[in-house]
Amino acid sequence: MAEILCTSIIEHFSDLPDPRIILKTRHKLVDIVTLALCAVVSGADDWVEIAGYATAKEAWFRGFLELPGGIPSHDTFGRVFALLDPNAFVRCYTNWVCGLIHIPNEVVAIDGKTVRRSHDHASGKSAIHMVNAWAVHHGLVLGQVKTDAKSNEITAIPELLKTMDLNGCVVTIDAMGCQKEIAKDIVGQGADYVFSLKGNQGNLHKEVELFFQDAKKNEFKVVAHDSYTTVDGEHGRIETRRYTTVADVHWFEEKGKWAKLTSFGMVESERDIDGHISLETRYYISSLPSDAKRFAAAARGHWAVENSLHWCLDIAFREDDSRIRSGHAPANLAMLRRLAISLIKQDAHRKIGVKASRKRAGWDLKYIKQLLGLAVP
């Protein structure tokens, strides 16, 4: 297990504000959080399963938790996590991450995911939408913010940015988050940005598209550029990606409105599946210099949040099937899942998938102790 897991996660959640009336409580909050986290890492997906896991492992838990009131019931887990302030929960998590890694030069992909069955039609509550910050190289969730709809990502992203120290990082965001104020916030933290373009920024997408089309037609003879190509193939699929960057941004009339706008980027993807070829071209704006290889790492790294986080949450944690809806419980359980997946992905020696790793954590006490950074008796 990597040395970065030597910090005990329990320590970082011990200062979590308790929303309950203390004189009427039987269970310590840090015990409840630790029990829930261990259970989620080990395969539990709801409060009944969490309570069942904690009961089965009670003898082990008593080795490092006080448990003055024994193991909480599933109703107690549900009530506590429904009351727990999700912002405070995320702050504790972020403090843990900051003690775990140093993120300069990291690619931080920001993207949202809806927990589809967290809606409650009876009370008019829509499904929650979690905006996540994913450290691509470390495989860690750096933070999250809950919104009530995907359309609210524009207001959620600035709140998420405030929770992290991004100095020296490259922040990637899809077209919805391509906003002047967000670019300003990122640059203000000493970070750089790579924003994907679509039609949501007036004529920006069209102007950049026409610029690259004209430059290609003239074989970039009058436009200085940098290029980089990757080829990947497996299971009958060959994908070729051509990355091109240019530093000529002075022609763009609104250049001064975008903080540190330094380059434009283009990604041309050619996918060959058993002889059937499809083409796709995407365009970007960036505060990075015209360096195609570095741009490629950021542009491609952004999609890691889909494959390494969102896909795993759905397949290994069945997040979209979760029907937990009361109070803050959906957001807090979502944070537990992200904490669990981050812990599992820190195992540098892991040779199995996340779903299988959860099973192993449930079967092997030594393994879950390693993941949590606990001292093994």
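The values are calculated or read from the model by the stated rules, or taken from the named source; none is laboratory data. None of the values given here were measured: they were computed from a predicted structure. For neighbour counting, all protein chains shown are included, and Cβ atoms are generated from backbone atoms with ideal geometry for every residue, glycine included. Just so you know, the surface numbers come from the protein's heavy atoms only, side chains and all, with ligands and any DNA or RNA stripped out. Shrake-Rupley method; radii C 1.70, N 1.55, O 1.52, S 1.80 Å.
Okay, here's what the table says:
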| read-out | value |
| --- | --- |
| Prolate/oblate/rounded label for the range 241-354 (Cα gyration tensor, a/c 1.5) | prolate |
| Cα→Cβ-extended label distance, 7 Å offset, between SER14 and LEU279, nm | 6.2 nm |
| Contact order relative to length of the range 237-377, as percent, for alpha carbon pairs under 8 angstrom and 6 or more apart | 16 percent |
| The chain, dipole about Cα centre (Lys/Arg Cβ +1, Asp/Glu Cβ -1), debye to the nearest 20 | 780 debye |
| In sequence order, calculated HN-Hα J values of the range 81-94 (Karplus, 6.51, -1.76, 1.60; Hz; x Gly/Pro) | 6, 6, 8, 4, 5, x, 5, 5, 4, 5, 4, 4, 4, 4 |
| Charge tally in the Cβ shell below 15 Å around VAL223, where Lys, Arg are +1 and Asp, Glu are -1, VAL223 excluded | -3 |
| Under-5 Å amide H pairs with VAL194, H placed in peptide plane, nonlocal only | VAL171, THR172, ILE173 |
| Degrees separating the helix 204-217 axis from the principal Cα axis of the chain, which is the longest one | 50 degrees |
| Within the accessible area of the range 203-244 (1.4 Å probe), percent carbon and sulfur | 46 percent |
| Choice from GLU306, GLU254, GLU159 showing the highest fluctuation, given a GNM over the chain with Cα pairs closer than 10 Å | GLU254 |
| Label-point gap, in nm, between GLU270 and ARG350 - each point 7 angstrom along Cα→Cβ | 3.6 nm |
| Computed label-point distance, nm, for sites SER73 and GLU49 using a 7 Å Cα→Cβ extension | 2.2 nm |
| Rounded tilt (10° steps) of 292-302 against the dominant C-alpha axis of the chain | 40 degrees |
| Set LYS28/LYS113; LYS162/LYS255; LYS113/LYS257; LYS162/LYS359; LYS217/LYS255; LYS113/LYS359 screened for pairs whose C-alpha atoms are more than 27 Å apart | LYS28/LYS113; LYS113/LYS257; LYS162/LYS359 |
| Area accessible to solvent at SER278, 1.4 Å probe radius, in Å² | 60 Å² |
| Cα gyration tensor category, rounded, prolate or oblate, for the range 192-291 with a/c compared to 1.5 | prolate |
| Mean accessible surface per residue for the chain, computed with a 1.4 Å probe while every protein chain stays in place, in Å² | 47 Å² |
| Value of relative contact order over the chain, rounded to a whole percent, pairs C-alpha under 8 Å and six or more apart | 21 percent |
